[in-house]
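For reference, the structure is listed below as structure tokens.
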Amino acid sequence: MKRSFPLGAILVIALMSGLFASDLELVRYNNPGLTVDLGVGLWAWPLPMDYDGDGDLDLVVGSGGKPYNGVYFFENPDGSLMPVFKAGVRVADYKKNLQISPDGSVLSPGRSYPDFLQSGLDEPVDLPLKTDDVHRTSGSIRANQWKYVDYDGDGVLDLTFGIGDWIDYGWDDAYNIQGEWTNGPLHGYVYWAHNKGTNDKPSYAKPRKVFAGGKPVDVYGMPSPNFADFDGDNDLDLICGEFLDRFTYFENIGSRKKPVYATGRRLEHDGRSIAMDLQMITPTAVDWDRDGDPDLIVGDEDGRVAFVENLGDASFLPPRYFRQEAEYVKFGALVTPVSFDWDGDGDEDLVAGNTAGHVGFIENLGEHHGRPRWARPIYLKADGEIIRIQAGSNGSIQGPCEAKWGYTAVSVADWDGDGLADIVVNSIWGKVIWFQNIGRRGRPKLASAQSVKTTSPRKPSWVWWTPEPQELVTQWRTNPAVFDWDHNSRADLIMLDHEGYLALFRRIENDLTGTGERVFKTEGPSSFDRRGTPLDLISNALRLNTDRAGMSGRRKFAIVDWDGDGALDLIVNSTCVDWFRNIEGIYRYEGPLCETQLGGHTTSPTTVDWNGDGIRDLLIGTEDGFLYYREGR
């Protein structure tokens, strides 16, 4: 019989429904019948289980980030292999490193939740081990993944642990002039602790590392270890994920009671490594298709979840991403929207970047019950190829572990003066590029990327590589704003310069801009850190980020007459967004425009006029990939 929601879950759902009632509104698709990628907020930690008791496997997914964090239930409506799940329902607060064990137990570091189906995470039971009992390295642990497993086949549940250790990696700014990373790698270790007692009264031996090929298992961070019989020979093999996008298989060449693991090998299909679309992957083993062998259900950094099917002999198919009934508009993670009528049909669409490095188009299909009705996001193409900017091995100042991130931030405007809207993009590289629209009004078509040029190129002091001649390079993860600032019918560029000042790059001729001019002055705080915290009260040029290297950049802003006085103000990202009022050319810091904390990483503001009243309203993209709306003055 299908089980109803526990009282605790009902209370959480009720609280969520009113979370933004007085402040911000989550933007809905308003498009009945539409299906989209299943997605939570930032980081997906899947817990496949029969949550509603109807006999099929649902998805319960933990998600961090702000503000859409929590544990969400996605109902499987028909038990099919690739169902269209119901929209997610929040059933618990977020807890880091949630894992589901092969016996269905839910654990976090040092705790189990034996009554999870009824009480969620509200009634934990402490385990007689601490993280320091497993692995101690002075605060360098990020992934810390605990599971029950009968590791040695004695009929009693032991504990296994996946530890992501960053002690050798450090954090950022460790490239030499050849672009080689001079710090160490990420580490992803696997431990097990023998249970000398019983399941009811466990007594654990000192945890020890799992070895494979005569060496400790050590993948590239965030191991997410899964012990299961993947090859059908009645012993427990091991599959690990990593901080990047691939899987490592360690075959048990010993026995069920005395496991011996072979050197790891990548999971492959048709001679190519099986890889997730993004990174920070979190695989969980479960027999999803009920064919007798364990498959993998895998979460991605941007909140999506995929099915990686085991064909029965540890041979796997590439990931297939689950879908859900559309509810809230979402475009990956750390979404950076701008409002623009991209398809020329008279209403405001959205063009956006995200962590994966895409540039997306979300079409406004017209009104539905007083709000826009949105299409499923699509990836824009340039010269026939999907736009995807990625760091690769050395494009992120924070190191090679960020290889699959792109952090695209966009502006849509007529850059070349031909009457068609082009797209200008900054990214994880800090290289400012543009895509020329070679289509026609209402039928845009983008050519391949070109560098935005400057007559006096500069670069941040920590950038190891040398820009091309006249290539505009500035701080990473900050948006460009194309704007005819001096009213000469030529598009200028406004963005952070190489030292974090908000600067005007004037158009000189053709596609050339001059050295950035620090024309934005303030009498309030003039310097801010990456999260938007004011650092001083000195009248000076507006410096939106004083930090360096990995903590540089990260600022997003919109230029708009927010208070209706005829002067262009600034709305700038913070934990929500902040307003700088333009008073006779001086930008006075007025503080936040909303109360809800929307970001631990960053937000990205733009303005819209969906109700057609001529007043610009506020739209904020956030780290969870969703969009939050508030009417203007």
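The table below gives the values:
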{"read-out": "Qualifying residue in the stretch 96-114 (condition: open to solvent by 20 Å² or more (accessible area, probe 1.4 Å), touching a residue at least 40 places away in the same chain (Cβ under 8 Å), of a type outside the set (Phe, Trp, Tyr) and more than 20 Å from Lys201 (Cα to Cα))", "value": "yes"}
{"read-out": "Options Thr606, Thr622; residue that is open to solvent by 10 Å² or more (accessible area, probe 1.4 Å), β-branched (Val, Ile, Thr), within 25 Å of Asp37 (Cβ to Cβ) and touching a Ser or Thr at 6+ places or on another chain (Cβ under 6 Å)", "value": "Thr606"}
{"read-out": "Filter result (open to solvent by less than 40 Å² (accessible area, probe 1.4 Å) and not small (Gly, Ala, Ser)) within the stretch 192-228", "value": "Trp192, Asn195, Tyr204, Pro207, Val210, Val217, Val219, Met222, Pro223, Pro225, Asn226, Phe227"}
{"read-out": "Unique residue being among the aliphatic types (A, V, I, L, M), touching a Phe, Trp or Tyr at 6+ places or on another chain (Cβ under 9 Å) and without any contact (Cβ under 8 Å) to a residue 40 or more places away in the chain when the list is Val210, Val260, Val217", "value": "Val260"}
{"read-out": "Hits in the stretch 68-78 - residues which are assigned to a loop (DSSP other than H, G, I, E, B) and open to solvent by less than 20 Å² (accessible area, probe 1.4 Å)", "value": "Tyr68, Asn76"}
{"read-out": "Lone qualifier among Thr513, Thr533, Thr474 - being within 19 Å of Gly430 (Cβ to Cβ) and modelled with pLDDT under 95", "value": "Thr513"}
{"read-out": "Sole exception among (1) open to solvent by less than 40 Å² (accessible area, probe 1.4 Å); (2) at pLDDT below 95; (3) closer than 23 Å to Val351 by Cβ for His601, by number", "value": "(1)"}
{"read-out": "Hits in the stretch 597-633 (condition: free of Cβ contacts under 8 Å to residues at least 60 places away in the same chain, assigned to a loop (DSSP other than H, G, I, E, B) and among the acidic types (Asp, Glu))", "value": "Asp613, Glu631"}
{"read-out": "Count of residues meeting criterion [among the hydrophobic types (A, V, I, L, M, F, W, C), surrounded by 15 or more Cβ atoms within 10 Å (Cβ to Cβ) and in contact (Cβ under 8 Å) with a residue 24 or more places away in the chain] in the stretch 482-526", "value": "11"}
{"read-out": "Residue within the stretch 296-319 that is out of contact with any strand residue (DSSP E or B) (no Cβ under 7 Å at 6 or more places or on another chain), under 17 Å from Arg246 (Cβ atoms) and among the hydrophobic types (A, V, I, L, M, F, W, C) present", "value": "no"}
{"read-out": "Single residue of Ala391, Ala356 found to be under 22 Å from the mean Cα position of the chain (by Cα), without any contact (Cβ under 8 Å) to a residue 60 or more places away in the chain, assigned to a loop (DSSP other than H, G, I, E, B) and crowded, with 23+ Cβ neighbours inside 10 Å", "value": "Ala391"}
{"read-out": "Residue pairs meeting the criteria (Cβ under 7 Å; at least 6 apart or on separate chains; first on the phi > 0 side of the Ramachandran plot, in the stretch 158-177; second open to solvent by 10 Å² or more (accessible area, probe 1.4 Å))", "value": "Gly170/Asn183; Asp173/Ile397; Asp173/Trp462"}
{"read-out": "Pro207 under 19 Å from Leu267 (Cα atoms) and not small (Gly, Ala, Ser)", "value": "no"}
{"read-out": "Cross-chain or 6+ apart pairs with Cβ under 6 Å, the stretch 366-380 first and more than 18 Å from Val36 (Cα to Cα), then part of a strand (DSSP E or B) and open to solvent by 30 Å² or more (accessible area, probe 1.4 Å)", "value": "Gly366/Arg373"}
{"read-out": "Boolean, Ala356 is farther than 27 Å from Thr607 by Cα and among the small types (Gly, Ala, Ser)", "value": "no"}
{"read-out": "Of all residues making up the stretch 192-226, the number that are closer than 22 Å to Arg142 by Cα and assigned to a loop (DSSP other than H, G, I, E, B)", "value": "10"}
{"read-out": "Residues of the stretch 449-462 that turn out to be open to solvent by 60 Å² or more (accessible area, probe 1.4 Å) and either at positive phi or of a type in the set (Ser, Thr, Tyr) (or both), as a count", "value": "2"}
{"read-out": "The stretch 39-66, residues that are surrounded by fewer than 23 Cβ atoms within 10 Å (Cβ to Cβ), under 14 Å from the mean Cα position of the chain (by Cα) and part of a loop (DSSP other than H, G, I, E, B)", "value": "Lys66"}
{"read-out": "Residue in the stretch 205-222 that is among the acidic types (Asp, Glu), more than 23 Å from Arg272 (Cβ to Cβ), touching a His at 6+ places or on another chain (Cβ under 6 Å) and modelled with pLDDT of 95 or more present", "value": "yes"}
{"read-out": "Answer residue from the stretch 394-426, given it is part of a loop (DSSP other than H, G, I, E, B) and of a type in the set (Val, Ile, Thr) and is least open to solvent (accessible area, probe 1.4 Å) among those", "value": "Thr408"}
{"read-out": "Among the candidates Gly292, Gly312, Gly303, residue that is of a type in the set (Gly, Ala, Ser) and crowded, with 24+ Cβ neighbours inside 10 Å", "value": "Gly303"}
{"read-out": "Looking only at the stretch 163-191, and only at residues there that are in a strand (DSSP E or B) and more than 23 Å from Pro109 (Cβ to Cβ), the one that is most open to solvent (accessible area, probe 1.4 Å)", "value": "Trp181"}
{"read-out": "Residue in the stretch 562-573 that is within 31 Å of the chain's Cα centre (by Cα) and open to solvent by 30 Å² or more (accessible area, probe 1.4 Å) present", "value": "no"}
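Quick grid of which residues meet (1) over 27 Å from the mean Cα position of the chain (by Cα); (2) closer than 19 Å to Ser203 by Cβ; (3) open to solvent by 40 Å² or more (accessible area, probe 1.4 Å):
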residue: Gly88; (1), (2), (3): no, no, no
residue: Tyr94; (1), (2), (3): no, no, yes
residue: Lys130; (1), (2), (3): yes, yes, yes
residue: Lys147; (1), (2), (3): no, yes, no
residue: Asp152; (1), (2), (3): yes, yes, no
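The values are calculated or read from the model by the stated rules, or taken from the named source; none is laboratory data. All values reported here derive from a predicted model rather than from experimental measurement. Every residue, glycine among them, receives a Cβ derived from its backbone with ideal geometry; neighbour counts consider all protein chains shown. With ligands, DNA and RNA removed, areas are computed over all heavy atoms of the protein, side chains included. Shrake-Rupley method; radii C 1.70, N 1.55, O 1.52, S 1.80 Å.
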